[in-house]
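See structure below.
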Amino acid sequence: MAFLPPSYRGRLAPSPTGYLHLGHARTFWTAQQRARAAGGVLVLRNEDLDTARTRADFAAAMLEDLRWFGLAWQEGPDVGGPYAPYNQSHRRDHYLAAFEQLRAAGAIYPCSCSRRDVQEAAGAPHEAPPGEAWTPDEPIYPGICRPSADQPSLATCHSPLARQGNNWRFRVPDGATLTFTDGHYGAQSATAGVHFGDFLVWRKDDTPAYQLACVVDDAAMQITEVVRGADLLLSTFRQLLLYRALGLTPPAFYHCPLLTDDQGVRLAKRHDALSLHTLRASGKKPEEIQATFDSEARKP
Ligand SMILES: [Zn+2]
C-alpha cells in the first residue's frame with residue numbers, strides 16, 4: 001500500500017484576553033488561505049490559559065468576530081472534532097503528562113527567581129545576525145537556579161520537588177545552533193544560550209507556560225503547519241527543543257509579517273479602533289478588509 005502523507009492541518013490559536021485586531025485577522029486569513037490551497041483542515045484552538053486576563057465575553061466575541069470576518073474552521077470548541085477538547089483550559093492532563101516527561105528526562109529544573117531577579121542579573125540577548133527575521137524578545141536567563149552539569153539529575157531524585165509553587169525552566173543546550181526553514185522568511189537560525197536562554201515551561205501558579213502548551217497541543221492535534229505572527233519566530237527555536245525533548249515531530253512553520261499602525265507601532269489589543277469588534281460595529285465590510293490583505297499578499 002502506498003504511503004499517504006498526512007493531509008494539511010492548520011490552526012487558528014487566538015487568546016480571549018481582548019478583542020482581536022487587524023493583525024490577528026491578517027495572520028488568520030493567511031492561515032485559512034494556506035489550509036484551503038492545500039485542501040486541508042483548519043482547527044480553532046481557544047488559548048484561554050491566562051485565567052487572570054481571559055474573559056468569557058471575549059471568548060464569545062472572538063468566535064463571532066472571526067466568523068463575521070469570513071473565517072471558517074472544521075474543528076473547534078464550538079463545533080467539536082476528533083482532537084477535542086479545543087479549549088486549552090480543558091487540556092490540563094496533556095500538559096501535566098508532558099511536564100512529567102520533561103522532568104523525568106532531567107530536561108527542566110525548578111527556578112525560584114522573580115521576574116525582577118532575572119531582569120537585574122540577566123544579560124541582554126544578542127541581536128539577530130544579518131539575514132535572520134527574528135528579534136530578541138526576552139532577557140537571557142542567567143542560570144541562577146540551573147543545576148550544574150555534574151550535579152545528579154533531578155530525575156534521579158526520589159522525592160522530586162513539588163511542581164506547584166515553582167517556576168520550571170527548560171535547560172537549553174548552550175552554544176547549539178538551531179535551524180529551521182520558515183515558509184515565509186526562509187532559512188532561520190539562532191544559538192541557544194546566546195539569542196535565547198532557559199525558558200519557562202511551567203509557572204508557579206501551577207499552569208503550563210505558553211511554549212509547552214503550544215507544542216503539546218500542536219502535536220496532539222496533528223497540526224502539520226503553524227501559521228502565526230513573526231513575533232513568535234524566536235519562540236520557534238524554543239519549541240523545536242521541546243519537540244525534540246518530548247520525542248515529537250515538529251510541524252512546518254510559516255510566520256506572517258506584523259501589522260503596524262500609522263506611527264509604525266505594532267498592533268496590540270489596546271488598539272481598539274482597529275479591533276474587529278469596532279470595525280464590525282462601524283459597518284465596515286469584511287470583504288474590503290480581505291481585499292486589502294489579498295492585494296498586500298500579491299506584492300512582491
Ligand atoms: Zn531561578
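Coordinate-derived values only; no laboratory data. Given the structure is predicted, the values throughout are model-derived calculations rather than measurements. Every residue, glycine as well, gets a Cβ built from its backbone with ideal geometry; the counts of neighbours run over all protein chains shown.
Provide the packing ranking of 125-135, 22-32, 241-251, i.e. peptides ordered by the mean count of other C-beta atoms within 10 Å per residue, highest first.
Going by the mean number of other Cβ atoms within 10 Å, highest first, we get 22-32, 241-251, 125-135.
Using Cα-Cα distances under 8 Å and only pairs 6 or more residues apart, what relative contact order does the stretch 34-133 have, in percent?
With pairs under 8 Å counted, the relative contact order is 26 percent.
Taking one equal scatterer on every alpha-carbon of the stretch 157-295, how large is log10 of I(q)/I(0) by Debye at q = 0.10, 0.13, 0.16, 0.18 1/Å?
Here the Debye-derived log intensity ratios amount to -0.48, -0.76, -1.01, -1.14.
If you take the beta carbon distance between residue 104 and residue 248 as r and set R0 to 22 Å, what does 1/(1 + (r/R0)^6) give as a FRET efficiency, to the nearest 0.05?
Efficiency, rounded to the nearest 0.05: 0.90.
Between residue 135 and residue 119, what is the label-point separation in nm under the 7 Å Cα-to-beta-carbon projection?
Each label point is offset 7 Å from its Cα along the Cβ direction, giving 1.9 nm.
Which of rounded, prolate, oblate describes the chain, given a ≥ b ≥ c as roots of the alpha-carbon gyration tensor eigenvalues and a/c under 1.5 marking rounded, otherwise prolate only if a/b is larger than b/c?
The shape class here is prolate.
Per q in 0.09, 0.10 1/Å, what log10 I(q)/I(0) does a Debye calculation on the alpha-carbon atoms of the stretch 1-132 return?
One equal scatterer on each Cα of the stretch 1-132 leads to -0.42, -0.52.
Starting from 0.36 nm per residue, how many nanometres of slack lie between residue 51 and residue 83 once their C-alpha separation is accounted for?
So the chain would gain 9.3 nm between residue 51 and residue 83.
Taking loop as defined by DSSP and a crowding limit of 14 other beta carbons within 10 Å, which chymotrypsin sites (Phe, Trp or Tyr not before Pro) in the stretch 57-103 fit?
Those that pass, being in a loop and sparsely packed, number zero.
For residue 226, enumerate residues with amide H under 5 Å from its amide H, sequence gap 5+ or separate chain, H modeled in the peptide plane.
252, 253, 254
Distance in nm between label sites at residue 288 and residue 97, each 7 Å beyond Cα in the beta-carbon direction?
Distance between label points: 4.8 nm.
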